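First comes the structure, then the notes that go with it.
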Amino acid sequence: MDPVREVEGRAYPFGLKNVDTDIIIPAHWLKTISREGLGEGAFEALRKDENNVFDRPEFAGAPIIVAGDNFGCGSSREHAAWALLDMGVKAVIAPSFSDIFSGNAFKNGILTVALPQAAIDRLMEVAETDPISIDLENQTVTTPFQDRFTFEIDPFRKHCLMEGLDEVGLTLERDSAIAGYEARQTGEMPWYAKGTALSA
Amino acid sequence: MASRPRTLYEKIWDGHLVERREDGTCLIYIDRHLVHEVTSPQAFEALRISGRKVRRPELTLAVPDHNLPTTARLDEKGHRIPIADPQSAQQLAALESNAPEFGIRYFGATDIHQGIVHVVGPELGFSLPGATIVCGDSHTSCHGGIGALAFGIGTSEVEHVLASQTLLLTQSKTMEVRVEGELSPGVTPKDLILHIIGTIGTAGGTGHVIEYRGKVFEEMSIEGRLTVCNMSIEGGARAGLIAPDEKTFAYLKGREYAPKGEDWDRAVAYWKTLKTDEGASFDKSVVIDASTVEPTVTWGTSPEDTVSIGGKVPAPESFADPSKQKAAQASLDYMGLQPGQNMSDIEVQNVFIGSCTNSRIEDLRAAAAVLKGRSKAPGVKWAIVVPGSGLVKQQAEEEGLDKVFIEAGLEWREPGCSACLGMNPDKVPPEERCASTSNRNFVGRQGPGARTHLVSPAMAAAAAVTGKLTDVRDLS
Ligand code: SF4
């Protein structure tokens with residue numbers, strides 16, 4: 001996974017509250033085989049409106065979304081995070097997030113930044129015309145107009161994001177413990193270790 | 001730790017602990033991983049992108065089931081018949097190429113070993129007592145019937161297991177469902193588990209792993225135990241377990257991936273220790289009197305909406321909880337039922353005998369015993385029997401069960417998940433009813449607007465004969 005230290009660039013001034021996973025990626029996109037390409041289905045229903053923020057040319061490839069309360073509520077589908085990632089989003093700033101979504105976002109290297117509504121209102125304004133930058137190391141969101149907001153983040157998640165460590169990567173760092181278990185099991189209970197290698 | 005009396009779940013958990021982290025989460029070793037076409041493509045893709053390999057390919061088995069049509073798979077010339085739905089075809093093709101790419105044993109659509117993951121695992125001896133077993137499907141709890149700790153996982157966990165053969169988990173609480181006494185004649189394991197879910201509710205087991213205990217389970221066949229554990233998830237539990245015993249060992253002995261020779265003897269000696277110790281305590285305990293269990297059916301859209309076949313559709317007001325009253329009303333509206341209707345007056349237009357709950361040989365025998373010499377009622381438009389695997393199909397055909405079904409006017413299909421869920425062409429039409437041996441009666445589960453009544457295989461067969469939900473004991 002790519003490390004996330006700073007995210008800088010244009011931000012979609014989205015602002016909608018209670019954006020559920022069905023809005024992020026509708027159910028008919030779930031019968032897919034790839035995480036890639038889901039960006040095309042992201043916010044599909046909203047994009048039918050020709051004035052939608054996601055298709056405004058000045059925001060093409062913007063890495064940040066500024067959204068309203070309770071972003072990512074609804075189902076647990078991991079496709080929501082994959083869809084955002086595929087459209088180039090690396091961070092979402094909102095007053096709050098659903099737990100499952102922020103977990104899925106984290107697993108996929110997307111930074112979720114929670115800031116009070118007043119800060120969101122200001123960022124919505126700036127985003128219309130100017131870039132925003134997020135500094136994960138110092139836990140700040142800044143604008144070219146000297147705005148500076150600080151945010152909280154779980155230290156473990158911060159570490160993982162900054163180093164580009166995903167959960168699988170972290171577990172694989174425990175390789176010696178896993179290998180130790182396997183050696184013990186192969187000795188004491190070899191029948192579990194054989195699996196399909198034991199074909200007739 | 002070893003001196004304290006432990007439950008079966010705790011023994012299996014302790015036996016698979018790789019490491020405990022400071023926050024209490026545990027890295028748990030996974031012995032067996034079953035993979036199907038729907039929840040695996042993105043997991044394999046992630047491995048490919050990150051350049052990771054499958055840590056222990058021999059501990060994973062891949063088989064398509066959810067999307068696969070159950071109609072003929074080969075044409076007269078022996079060529080594979082293409083799959084009409086392009087997205088299903090794509091998911092199936094992805095599994096077919098991912099498995100060999102990562103060195104995983106794969107049984108394709110026309111292989112005799114193909115079938116529903118939860119039927120294939122135990123019948124090949126791939127699933128073993130005392131093992132930890134996972135699959136990207138919530139009914140993985142099924143494998144608890146042979147004494148394994150088995151539960152469903154999501155796509156990112158599928159990736160985690162493929163890469164590391166472990167999962168990060170927190171230990172569940174323990175729950176005992178003790179069934180006392182004996183089941184009456186004509187009452188099956190499916191009736192019992194429906195009755196249990198009706199008693200404990202769909203949240204009854206939340207946060208717990210259930211162990212089913214009592215003489216009823218000791219006397220129950222392995223197929224029956226798999227049926228019971230399969231639906232643990234409907235009772236809110238992540239997994240269900242029944243301690244392995246001589247019946248389990250006899251069932252597994254000689255199966256393709258079951259241990260052989262000296263390994264077998266050592267394994268059995270170990271498996272015999274896999275029972276809850278005298279004096280071990282459960283966090284929660286429920287006692288059920290077996291003699292009160294009747295052939296059981298569902299009336300609503302939640303698996304806890306159960307009633308005996310001699311009963312009536314309940315009135316929403318009969319529930320104490322106001323939110324349950326509302327849910328019951330919504331269920332009745334969806335199901336097109338009135339309070340006070342006799343369950344045995346409800347007409348069905350469809351019958352589905354299959355799914356990982358009830359598609360094993362014993363289930364098919366039970367249905368065939370009812371259907372032999374009888375025929376489908378004219379009001380039943382669609383009735384299909386879908387064996388759980390190619391091996392079950394073969395055995396059923398050797399026993400002539402397929403002929404019994406066909407002569408009674410039912411269709412005999414190829415193995416797969418079929419009408420258990422509306423993901424493949426086998427669907428129940430809107431506003432029609434189905435007597436179904438599957439495990440979920442959710443809104444739209446068998447197709448948009450479909451009305452599902454969960455029943456046992458014998459009861460599904462009886463419904464096919466009379467065209468109504470019927471007490472199978474009245475037929476004989
Ligand atoms: S038969 Fe139904 S419950 Fe079982 S694995 Fe298939 S879809 Fe899931």
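Net charge dipole, the stretch B:16-169: roughly 320 debye, given to the nearest 20, about the Cα centre with Cβ charges of +1 for Lys and Arg and -1 for Asp and Glu.
Its alpha carbons give the stretch B:162-266 an Rg and a Dmax of 15.8, 49 Å.
Taking chain A as a Gaussian network, where each spring joins two C-alpha atoms under 10 Å apart, which residue of A:LEU172, A:LEU84, A:LEU136 fluctuates the most? Highest fluctuation of the listed residues: A:LEU172.
With r as the distance between the Cβ atoms of A:ARG56 and B:ARG80 and R0 = 51 Å, compute the FRET efficiency 1/(1 + (r/R0)^6) and round to 0.05. Once the sixth-power term is evaluated, E becomes 0.60.
Using helices alone, I'd like the mean residue ellipticity at 222 nm for the protein assembly as shown: each DSSP H run of four-plus residues gives -39500 (n - 2.57), total over residue count, nearest 500.
Working: 23 runs with 212 residues, N = 676.
Helix-only estimate at 222 nm: -9000 deg cm²/dmol.
Bridge orientation summary for the protein assembly as shown: considering DSSP beta bridges with both residues in this region, about 30 percent are antiparallel.
Partner lysines whose Cα lies under 24 Å from the Cα of A:LYS158, excluding those fewer than 8 positions away in the same chain, are identified as A:LYS90, A:LYS107.
Are there GluC sites (Glu not before Pro) in the stretch B:36-82 that DSSP marks as loop and that have at most 13 other Cβ atoms within 10 Å, and which are they? Could the numbers behind the result be given before it?
Details: sites: B:GLU37, B:GLU45, B:GLU58, B:GLU76; in loops: B:GLU37, B:GLU76.
Passing sites in the stretch B:36-82 are B:GLU76.
Between B:GLU347 and A:SER133, the simple spin-label model (points 7 angstrom out along Cα→Cβ) gives 7.4 nm.
Of all DSSP beta bridges in the stretch B:16-169, what percent run antiparallel (nearest 5)? Beta bridges within the stretch B:16-169, antiparallel portion: roughly 40 percent.
Projecting each Cα onto the charge dipole of the stretch A:6-164 (Lys/Arg +1, Asp/Glu -1 at the beta carbon, about the Cα centre), which of A:PHE14, A:THR142, A:ALA118 comes out farthest on the positive side? Of the candidates, A:PHE14 comes out farthest on the positive side. Which aspartates and glutamates does B:LYS326 reach when only Cα atoms under 19 Å apart count, and residues fewer than 8 places away in its own chain are ignored? Cross-link targets: B:GLU304, B:ASP305, B:GLU317.
Size of the stretch B:16-169 from its Cα atoms: along the principal axes, largest to smallest, the extents are 60, 37, 22 Å.
For chain B, taking the reciprocal of the average inverse distance between every pair of different Cα atoms yields a Kirkwood hydrodynamic radius of 22.6 Å.
Within the stretch A:124-174, which chymotrypsin sites (Phe, Trp or Tyr not before Pro) sit in a loop by DSSP and count at most 14 neighbouring Cβ atoms inside 10 Å? The partial results should precede the final answer.
On the way: sites: A:PHE145, A:PHE149, A:PHE151, A:PHE156; in loops: A:PHE145, A:PHE151.
Answer in residue order: A:PHE145.
Considering Cα pairs under 8 angstrom that are at least six residues apart, work out the relative contact order of chain B and quote it in whole percent.
Working: 1140 pairs, mean separation 81.1, N = 476.
So the answer I get is 17 percent.
Judged by the ratio a/c of the largest to the smallest principal axis of the C-alpha gyration tensor, the stretch B:298-475 counts as prolate, that ratio being 1.5 or greater while a/b is larger than b/c. When both the stretch B:1-77 and the stretch B:91-169 are represented by their alpha-carbon centers, they are found 6 Å apart. The spread of Cα positions in the protein assembly as shown, taken along each principal axis and listed from longest to shortest, comes to 85, 60, 59 Å.
In the structure shown, the pairs B:LYS53/B:LYS173; B:LYS190/B:LYS215; B:LYS324/B:LYS468; B:LYS372/B:LYS393; B:LYS190/B:LYS260 are assessed against 24 Å; a Cα-Cα span above that value is assigned to B:LYS53/B:LYS173; B:LYS324/B:LYS468; B:LYS190/B:LYS260.
For chain A, what proportion of DSSP beta bridges, expressed in % and rounded to the nearest 5, is antiparallel? Mind dumping the intermediate values first?
Numbers: 10 of 22 bridges.
About 45 percent, rounded to the nearest 5.
The chymotrypsin sites (Phe, Trp or Tyr not before Pro) of the stretch B:105-175 include none that meets both criteria, a DSSP state outside H, G, I, E and B (loop) and at most 15 other C-beta atoms within 10 angstrom of the site's C-beta.
Taking the stretch B:102-126 and a reference point 7 angstrom along Cα→Cβ of B:ALA89, the backbone N atoms nearer than 20 Å belong to B:108-111. When all alpha carbon pairs of the stretch B:147-202 are counted in 10 Å bins from zero, the resulting P(r) reads 16, 33, 25, 20, 6 %.
Using +1 on the beta carbon of Lys and Arg, -1 on that of Asp and Glu, and nothing else charged, what's the dipole of the protein assembly as shown about the Cα centre, debye to 20?
Numbers: 67 positive and 93 negative charges, 266 e Å.
The calculation lands at about 1280 debye.
Relative to one another, the C-alpha centroids of the stretch B:231-249 and the stretch A:5-84 are positioned 41 Å apart.
Around the Cα centre of the stretch B:103-196, unit charges on the Cβ atoms of Lys, Arg, Asp and Glu (plus for the first two, minus for the last two) sum to a dipole of about 120 debye.
Assign one of three labels to chain A, namely rounded, prolate or oblate, based on the Cα gyration tensor with a ≥ b ≥ c the square roots of its eigenvalues; rounded applies when a/c is under 1.5, prolate when it is not and a/b is larger than b/c, and oblate otherwise. Write out the running numbers ahead of the final one.
Working: a/c = 2.86, a/b = 1.75, b/c = 1.64.
Prolate, because a/c is 1.5 or more and a/b exceeds b/c.
All of the numbers you see were taken from the coordinates with simple rules; none came from a lab. None of these values were measured; they are calculated from a predicted model. Cβ atoms come from the backbone with ideal geometry, glycine included; neighbour counts cover every protein chain shown.
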